[in-house]
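Taken together, the values in this text are just the output of simple stated rules run on the coordinates, not laboratory data. Quantities reported herein were computed from a predicted structural model and do not represent experimental measurements. Every residue, glycine among them, receives a Cβ derived from its backbone with ideal geometry; neighbour counts consider all protein chains shown.
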Amino acid sequence: MNCYLLAIKCYLKLNQLDEAMSKCETILECEQNSHALFLKGRILEELKNYSDALNLYRIALKLRPEDESILKRLRRLEDHFC
């Protein structure tokens, strides 16, 4: 799964959101992975789908409550869109 996560990050940097989303879906079909959920949330943010991004960040945070990067994104979106 780590190679998929790295690929997703690369696709995000290259703004290849369809490819990034496809890799996220591949991971999430196998397991509920907090990193894949977080990255899918970032993709959805880029696509301006803020409500679905918020939901994914909330799920990811339940899986990894100590993850500051998830909490930071979640708070930023909540401050702007809730």
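Values computed for the structure shown
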{"quantity": "Top-ranked residue in the stretch 66-82 [being touching a helix residue (DSSP H, G or I) at 6+ places or on another chain (Cβ under 8 Å) and not in a helix (DSSP H, G or I); ranked as farthest from LEU28 (Cα to Cα)]", "calculated": "CYS82"}
{"quantity": "Hits in the stretch 35-66 - residues which are among the basic types (Lys, Arg) and under 10 Å from the mean Cα position of the chain (by Cα)", "calculated": "LYS40, ARG42"}
{"quantity": "Matching residues, the stretch 2-59, being touching a residue at least 12 places away in the same chain (Cβ under 8 Å) and on the phi > 0 side of the Ramachandran plot", "calculated": "ASN15"}
{"quantity": "Within the stretch 39-57, tally of residues that are assigned to a helix (DSSP H, G or I), in contact with a helix residue (DSSP H, G or I) (Cβ under 7 Å, 6 or more places away or on another chain) and farther than 14 Å from ASN2 by Cα", "calculated": "13"}
